[in-house]
Every structure is written in structure tokens, then in C-alpha cells.
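Report on the following structure.
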Amino acid sequence: MDGSAFDVIIIGGGITGTGVARDCALRGLKVALVEKDDFASGTTGTCMGLLHGGPRYLLTNPELTRISCEESGHIQRIAPHLCFSVPFLQVLSSPEQMEVFDKFLGVYDQYQHLKNGKPHIRFEGQEMHRLEPSLAPGPYGGITLDEWGVNVFRLNLLNAKSASAHGARITNHAEVTQILKENGRVVGVEVKDLYSLTKERLYGRLVVNAGGPWVPKIAKMAGTDFKLRPSKGVHVFLDRRITSVGLSVMAVDGRNIELLPHENTTMIGCTDTDFYGDPIEARPTFEEIEYLLEPFTTLVPQLRQARVIRSMAGVRPLLYETGMVAEKVTRDHRVRDHEEDGVPGFITIGGGKMVIHRLMAEDTTNLICKKLGIEASCKTREIPLPGGERLLTKEEIKEMARRYGIRVAAVNRLVSRHGTLASYILETYGNGATRCSEVCTCEPVLEAEIRYVIHEEWARSLDDIRRRTRMGMGPCQGCGCIGKVAAILGEELGLSAEEVALERHRFLAERWKGKRALLDCKQAAQEEITFMVYFAGKKDLAAPLEVWDEPWASRSTQVTNQPEAGDGRAEQPN
């Protein structure tokens, strides 16, 4: 047999797949992970980023609520720099609603200590407006709901980095074109690098299907099945923060919709509807966007003064259930050994939700170890993710800003993404006249960080850089920073001027997908103004917006200086 031999090969680089890779690597297994696009480019990257304790499951599945709260606590412990408290205010319009929610959240309070949360508090009348001045007069009152948020892109990526530091082979932009079998047993995969277009075969004792909403397609390639009930969720982003706390209100159909201060923007979500197409084709509609905005229009008058800069849609890989609306479908997960279906050597993990990804990975790895006859305990709830060893103090952050001549706000953002690795990034990649300059002022993002993620975090495109740094995710949606970042990418990867121009087009085309559904007359005019401000006179970008919908050919450039498996740089550089 040609190719490499592994204990386990994982298909899918979302939060579940990288979680499985990390757990397996920490237990001493020889691991390979293959991701067709990029880490968190699918369902993971389109979630709301909340380590939600799951109060809505209390009535139907209280064990899932307990597990969700417990897992939130674990993530806060292993990646404290990525996590932030999100105080929510459930807005209620009648005394009857207040009494019902008060009793309900009284039950939820018993789980708060598991996720470092606080018991709920009632607010009535003017107390509401003192807590959140942006609210219009009118609501009867509200109840606090204490939750936590996380930078889900970094959480996903750091699982991959940790796995790599413990010996795993991690590959993105590589498509599994065939699942290999011998005598009916799955023995490996054929992989195509989508940049070089070369193919190789990887052989392993077990192959794990962690493809999220693509799980059924991958299972079919192996000659078996795993049925899901995919559900589409849509989110909307505003160009500024309009509240100081998160708001939770009831939409016209009785569903809860949430507004969340998110980095330098505001995030509103989300819908929950059955989806029957290819997950990659999921798009928001104008009606779905209005459905999300409408409940907050009178509650928060500032909302319609803000500009909607983007919408996004993702597909949840829910377990198959019938006889209920999508939002009632279980968020439980299932690990299936397909040897029971006559396909030995093949395992699928499906269902679940982001906050319990670590537990999903643990359950999957337990089965892997059992089948391979390996006795090793799970360590993922205790060992910190890279950069998460401790929280830096305010004094350390100020000293770092002084030493490198950077704004404290910029260092704060760098630390929020990289934790204790921030000083390493500035020391290693911050040398030179411009290396500590802010290339993206919306977020902000430093040039040193851009170079770091290209060299040490498998970033091969502008969209990869966006997911790792939040470059291009602010109000300008990349229009203001795309030129310089593309030039840095071209310099680091040795791209030609034509390839750099193509990469800019590809990035803007992807951004455009999140804008076109929301462009009414006023928004369309603002988009034209933005286009003229940033791109007037730039011939390579002055194309009609329709052109940005066209598919772009893959670049053939190879990436060098990626972290080697187990070399230690990705985990804790010296």
C-alpha cells in the first residue's frame, strides 16, 4: 500500500472533527485530519458563538442542559482568553410572562455554577431602562439570563493546533475523493489537494466521518448511511454596537430571537428552518433578514439607524426526527460504529451543538480506543489550548503596547485571540518598520498577526486569514484593508501580481454573498458609495458587482513553512 499509515483518519475540520483529532492525539494515537475547505468554514463558523447553557431544553431534556452548562465551564477553563461574559435581558410584555419566566429560570439557576454564571434577576419599569438605556419605553419588564460567548473560529483552530503539536497531521483545502476499502473494510481515503491538484492515499486502522451537515454524503461514499435532519440558521450583523447587553425577545411566531453585542458589531439571530439542499448553497433571504430585525425595530429605535453590513446562513447537522418543527429537534449527538451496518473500519459522529463539541469528541475517541484496544483516558477538559495557560494582566498588556509602540486596544484584541502567544507573535513577526502597524483598523488586526497565521496556522487565502484574525469582518467588510493584506499574503506565499488580484476578487466575492440578500434601496446606495470610496481608480477591482458571483479557479501555489506535526511551535513556542 502506498501513502501513510495512521491509527485514525478524520474527515472534517469543523469543531467536532478537530476536537476528535485533539483528543486522539493527546491519547497517543497517530492521527490525520482532512478538511475540504478550511477550519470553521462550515457550520461551526456560522453559529452565534454562544457557549449556551441550553435553558430551552429544561422541559424536554434537562440532562442536555446540565451537560451544556458543564461543557461551557470546561471551555472557559482551557481557553479563557477566547471567552467573554454575555449578560442577556429577556424582555417580557406582561406580568404573566414575568411570573412564568421567573419560575422557569429559577430551575435553570441550579446549573449556573457549572458555567460560572449568576442567578437571574427581575427588573421592572424604569429599572429596565437604567440597565439598558437604548430600550424604548413600553416593555413591562425583563429577567437577566447569564451566558458566555466564545471566539468560535479561534476555538476551532486551536483544537487543530493542539492536535498538530501532539503529532497529528492536519490538512486543510484537501478533498476526500474516495474512501478506500479492502475486502469490505474501510482502510483509508484518497485525498486531493485543491491548490496543487495532486492526490495521495492515506491509510488508517479507522476512518471517522465528522463532516457535519455533509455526514450523509460521506457515509454514502463509504457504502453506508447516516440520516440527518438539516436545519438552516440565519444571522444578521449591524455596523456598530447598539446595546450594552444581549437582548432576547419573542418573534411573531413565538420563537426567541437574540441580539448580541459582538466585537465591534451587533449580531442578531437566528432562524431554524428545515433545509434540503447542498449545505454550501445555504443563503439568507430578504424575508428571513426582516424576520430577525422586526422584533427589535420598536424595542430598540437605534436599530434602524444602524447599517446592516452582512447576513450569513449555516446548516445544523441535527439528528433525524419527524413529527415536530425544526427548532424542537433534539440537539443530542450520536456516535455510530458502522461495523454494525456491515462497513467495518468506519465511524460517524453526528448531531450535537458547538458547546458540547469536546464531549462529542470524547465519546468518539472512547469508541476509537475501545476498537483499537488502547487504554488511555481523556485529557481535553484539563489541558489548556494553545495560549490558554493563563489570562494576561492589564499591566502586561499595557507593557506590551509600550514596548512595541502599539495602541493598547490593538494589543487587547491580539491577546483576546492568542492569549499568552501574543508576545511570541510580536517578538517573532513584529520586527521591521511596519510589522506592528494596523492593517485592519475596524477590529483591529496587526501586520505581525497576519504573517503569523500564514506561517503557523495553515492560512492559504484571504478568507482563511479572516477566520483567524477577524480581518474584514468589521463595518467595511474588508474593503479598507483588503489591498494591504493581499499584498502581505502575496509576499509570504510568493504569488504573482495576477494571483494577488484574483485572491482579492475571491475574497470580495465571498463577502458579497452575505450582502446581496439585504440590499434594499438605501442599503444598495450605501454599498455603491462604499464601492466608490475604496475602489475608484483600481482597475482590477472595478468590476460590476454581478461578476463577484462567479466561481473562481483555485490557485496552484504551494504553502511553505506550515507547522510540522509535533514540532511544538503551534502549541507553545519558546
Cross-chain or 6+ apart pairs with Cβ under 7 Å, the stretch 152-174 first and assigned to a helix (DSSP H, G or I), then open to solvent by 20 Å² or more (accessible area, probe 1.4 Å) and among the acidic types (Asp, Glu): LYS161/GLU571; SER162/GLU571; ALA165/GLU571
Pairs, first closer than 19 Å to HIS455 by Cα and modelled with pLDDT of 90 or more in the stretch 423-443, second in a helix (DSSP H, G or I) and of a type in the set (Phe, Trp, Tyr), C-beta under 8 Å, six or more apart: ILE425/TYR452; LEU426/TYR404; THR428/TYR452; TYR429/TYR452
Options LEU372, LEU318: the member that is under 22 Å from LEU26 (Cβ atoms) and of a type outside the set (Ser, Thr, Tyr): LEU372
Checking VAL335 against (1) of a type in the set (A, V, I, L, M); (2) open to solvent by less than 20 Å² (accessible area, probe 1.4 Å); (3) closer than 30 Å to LEU372 by Cα; (4) not in a loop (DSSP other than H, G, I, E, B), the condition it does not meet: (2)
Criterion violated by SER461 - all others in (1) buried (at least 19 other Cβ atoms within 10 Å of the Cβ); (2) closer than 22 Å to ASN412 by Cβ satisfied: (2)
Boolean, ILE218 is β-branched (Val, Ile, Thr), open to solvent by 40 Å² or more (accessible area, probe 1.4 Å) and either within 30 Å of ALA168 (Cβ to Cβ) or part of a loop (DSSP other than H, G, I, E, B) (or both): no
Residue in the stretch 286-310 that is most open to solvent (accessible area, probe 1.4 Å), counting only those that are in a helix (DSSP H, G or I) and touching an Asp or Glu at 6+ places or on another chain (Cβ under 9 Å): PHE286
Within the stretch 93-142, tally of residues that are hydroxyl-bearing (Ser, Thr, Tyr) and loosely packed, with under 12 Cβ neighbours inside 10 Å: 1
Number of the exception - VAL485 against (1) open to solvent by 20 Å² or more (accessible area, probe 1.4 Å); (2) among the β-branched types (Val, Ile, Thr); (3) in contact with a strand residue (DSSP E or B) (Cβ under 9 Å, 6 or more places away or on another chain): (1)
Those residues of the stretch 231-267 which are within 18 Å of the chain's Cα centre (by Cα), crowded, with 18+ Cβ neighbours inside 10 Å and not in a strand (DSSP E or B), in sequence order: GLU263
GLY345 vs. criteria of a type in the set (Gly, Ala, Ser), modelled with pLDDT of 95 or more, more than 26 Å from LEU59 (Cβ to Cβ) and touching a Leu at 6+ places or on another chain (Cβ under 8 Å): yes
Selection count, the stretch 30-74, where residues are open to solvent by less than 10 Å² (accessible area, probe 1.4 Å), assigned to a loop (DSSP other than H, G, I, E, B) and over 26 Å from ALA282 (Cα atoms): 1
Residue among ALA25, ALA21, ALA79, ALA5 that alone is open to solvent by 20 Å² or more (accessible area, probe 1.4 Å) and more than 23 Å from GLU327 (Cα to Cα): ALA5
Options THR364, THR420, THR380: the member that is touching a Gly at 6+ places or on another chain (Cβ under 6 Å) and within 30 Å of ALA25 (Cα to Cα): THR420
Any hit, the stretch 494-506, residues being open to solvent by 30 Å² or more (accessible area, probe 1.4 Å) and at pLDDT below 70: no
Residue match in the stretch 476-491 (condition: touching a helix residue (DSSP H, G or I) at 6+ places or on another chain (Cβ under 6 Å), over 14 Å from HIS173 (Cβ atoms) and basic (Lys, Arg)): no
Test: residue in the stretch 141-150 that is touching a His at 6+ places or on another chain (Cβ under 6 Å), over 30 Å from ARG413 (Cβ atoms) and touching a residue at least 12 places away in the same chain (Cβ under 8 Å): yes
Residue pairs meeting the criteria (Cβ under 9 Å; at least 6 apart or on separate chains; first outside any loop (DSSP other than H, G, I, E, B), in the stretch 311-325; second among the aromatic types (Phe, Trp, Tyr)): SER311/PHE237; MET312/PHE237; ALA313/PHE275; VAL315/PHE275; ARG316/PHE275
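The values are calculated or read from the model by the stated rules, or taken from the named source; none is laboratory data. Here the structure is a predicted model, which is why all the values come from computation and not from measurement. Cβ sites come from the backbone with ideal geometry, for glycine too, and all protein chains shown count toward neighbours. The accessibility values were calculated without ligands, DNA or RNA, using every heavy atom of the protein model including side chains. Shrake-Rupley method; radii C 1.70, N 1.55, O 1.52, S 1.80 Å.
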